[in-house]
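Notes to accompany the following structure.
The values are calculated or read from the model by the stated rules, or taken from the named source; none is laboratory data. Bear in mind the structure is a predicted one, so any value in this text is a computation, not a measurement. Here the Cβ is made from the backbone with ideal geometry for all residues, glycine too, and neighbour counts use every protein chain on show. Only protein heavy atoms, including side chains, enter the accessible area calculation; ligands, DNA and RNA are left aside. Shrake-Rupley method; radii C 1.70, N 1.55, O 1.52, S 1.80 Å.
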Amino acid sequence: MTLPAHLGSTARRVANVLRSRGPRTRAELIGLTGLSRPTVSAALADLTNAGLLTEEAAQTGPAGGRPATVFRLARGAGLAVGVDIGRRHVRVAVADLGHHVLVDYPAVLDLDADDYPESALDAAARQVDAALDAVGADRSEVVGVGLSIFAPLTRTGRIGSPALLPAWADLLPEEELAGRLQLPVRADNDANLGALGEYVWGAGQQSADLVYVKVATGIGAGIVLDGRLYRGFSGTAGELGHITLDARGPVCRCGNRGCVELSAGGRALLRHARITHPQLDSLVELVDLATLGDPGCRRLLADAGRQLGFALGALLNLINPERIVVGGELGAATELLLDPMRGGLADTAMAAAAAAAEVVPAQLGAQASALGGVALALGVDRAA
């Protein structure tokens, strides 16, 4: 965010907390910044006078008292952009620094991002300009871009498992997009950013310890611990789809055997479903058939949910999250997938951990990773 030169360090400190944490009361800002009440009040006055701050009544206040005033960064403070590059789509979202989502721009479809990364990145740059134009803005107002990629990324910004995406192996996605947009870009994988999106705007709100499971063509997990995104030492934490369930099972595309993805991932489910439904084209169609009562498709989803539950049970025993949020294309199957998943969890997790973890469907659907990109650009992942 570019603040006027005359603003002091305390105003900048308060503004940075509002950018990463979203709207806050005066009392919350005092606690988060460690500054005194008069100092915070002076900083808020400076930001207001500079046209960078708005005030509104909190939705809830003390019983019998006036609702507290909530401070939010105004649109004039800048915009944050989220970009989600999937295997067959590019989606863009734009928000102001006050955490107001201004637009979730319709996705470009029918891409082949697996094999043609340059084309996907070009499409992403075009979509960013189109989304900004839709809200009457341009790149000069953007303070940062968060990029979601459909593969694990290391802390150096490279694809964490080049065998999964050989065409991307020699690229640094955030540098590639930054060069096209001439804007600062930070990149992460789609499951991590789905977790951030749900944490800020979706089913993960008010939950400081959560696991977001993206169940689609592949399977990944984003982990938020104590309000922070957990990436692991090399940056590839959360590869739930490549946990081995059967050490003597078939070889996975990652090189290991018996991975969760081979029994519960979208590729495997479509392959089995096409035995009786050869015309089946997508996971959305598979879920629709199951919802309408097709016994084979229902069984496929039930078995997938149980296998996922087995893998998640080990994760629950290790990190003991408060909430598991299930999204992705198969996440739309809701209870057809979630009930068997809960059963698998109960069979493999310690009773206390399984009882404490609430398993819920995601709320953001296909928007999750793009909105997570917005959260990344806002610095939500860096907030303590």
From the residues in region 93-117 that are in a loop (DSSP other than H, G, I, E, B), on the phi < 0 side of the Ramachandran plot and at pLDDT below 95, which one is most open to solvent (accessible area, probe 1.4 Å)?
Tyr116
Against the conditions (1) buried (at least 18 other Cβ atoms within 10 Å of the Cβ); (2) modelled with pLDDT under 90, where does Gln206 fall short? Just the number, please.
(1)
Among the residues of region 152-171, is there at least one that is in a loop (DSSP other than H, G, I, E, B), farther than 20 Å from Ala93 by Cα, open to solvent by less than 10 Å² (accessible area, probe 1.4 Å) and of a type in the set (A, V, I, L, M, F, W, C)?
yes
Specify the residue that is least open to solvent (accessible area, probe 1.4 Å); the eligible residues are those in region 314-340 that are at pLDDT 90 or above, touching a Leu at 6+ places or on another chain (Cβ under 9 Å) and of a type in the set (D, E, K, R).
Arg323
Can you give me the number of residues within region 135-151 that are free of Cβ contacts under 8 Å to residues at least 40 places away in the same chain and open to solvent by less than 60 Å² (accessible area, probe 1.4 Å)?
1
Only one of (1) more than 21 Å from Gly22 (Cα to Cα); (2) touching a Lys or Arg at 6+ places or on another chain (Cβ under 8 Å); (3) at pLDDT below 95; (4) not aliphatic (A, V, I, L, M) fails for Thr69. Which number is that?
(1)
Taking only region 140-156 into account, find how many residues are within 13 Å of Leu177 (Cα to Cα) and either touching a Gly at 6+ places or on another chain (Cβ under 6 Å) or at pLDDT 95 or above (or both).
5
Give the residues of region 75-89 that are open to solvent by 10 Å² or more (accessible area, probe 1.4 Å) and either assigned to a helix (DSSP H, G or I) or under 14 Å from Gly136 (Cα atoms) (or both), sorted by residue number.
Arg75, Gly76
Out of region 176-188, which residues are of a type outside the set (Gly, Ala, Ser), within 20 Å of the chain's Cα centre (by Cα) and outside any loop (DSSP other than H, G, I, E, B)?
Leu177, Val185, Arg186, Asp188
Is it the case that region 116-137 has a residue that's hydroxyl-bearing (Ser, Thr, Tyr) and within 21 Å of the chain's Cα centre (by Cα)?
no
The condition from (1) within 28 Å of Gly305 (Cα to Cα); (2) touching a Gly at 6+ places or on another chain (Cβ under 6 Å); (3) without any contact (Cβ under 8 Å) to a residue 40 or more places away in the chain that Leu172 misses is numbered (1)
Is it the case that region 127-134 has a residue that's at pLDDT 85 or above, part of a helix (DSSP H, G or I), open to solvent by less than 20 Å² (accessible area, probe 1.4 Å) and of a type in the set (Val, Ile, Thr)?
yes
Condition first: under 19 Å from Asp303 (Cβ atoms), open to solvent by 70 Å² or more (accessible area, probe 1.4 Å) and β-branched (Val, Ile, Thr). Now tell me which residues in region 245-282 satisfy that.
Ile275, Thr276
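Condition check ((1) loosely packed, with under 13 Cβ neighbours inside 10 Å; (2) assigned to a helix (DSSP H, G or I)) across all residues:
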| residue | (1), (2) |
| --- | --- |
| Leu3 | no, no |
| Thr10 | no, yes |
| Val14 | no, yes |
| Arg19 | no, yes |
| Ala27 | yes, yes |
| Leu35 | no, no |
| Val40 | no, yes |
| Thr48 | no, yes |
Would you please name the residue that is surrounded by the fewest Cβ atoms within 10 Å (Cβ to Cβ), looking only at residues in region 223-237 that are of a type in the set (Gly, Ala, Ser) and in contact (Cβ under 8 Å) with a residue 60 or more places away in the chain?
Ser234
Given the conditions (1) under 25 Å from Ala346 (Cβ atoms); (2) of a type in the set (Lys, Arg); (3) touching a strand residue (DSSP E or B) at 6+ places or on another chain (Cβ under 9 Å); (4) not in a strand (DSSP E or B), which single one is not true for Lys214?
(4)
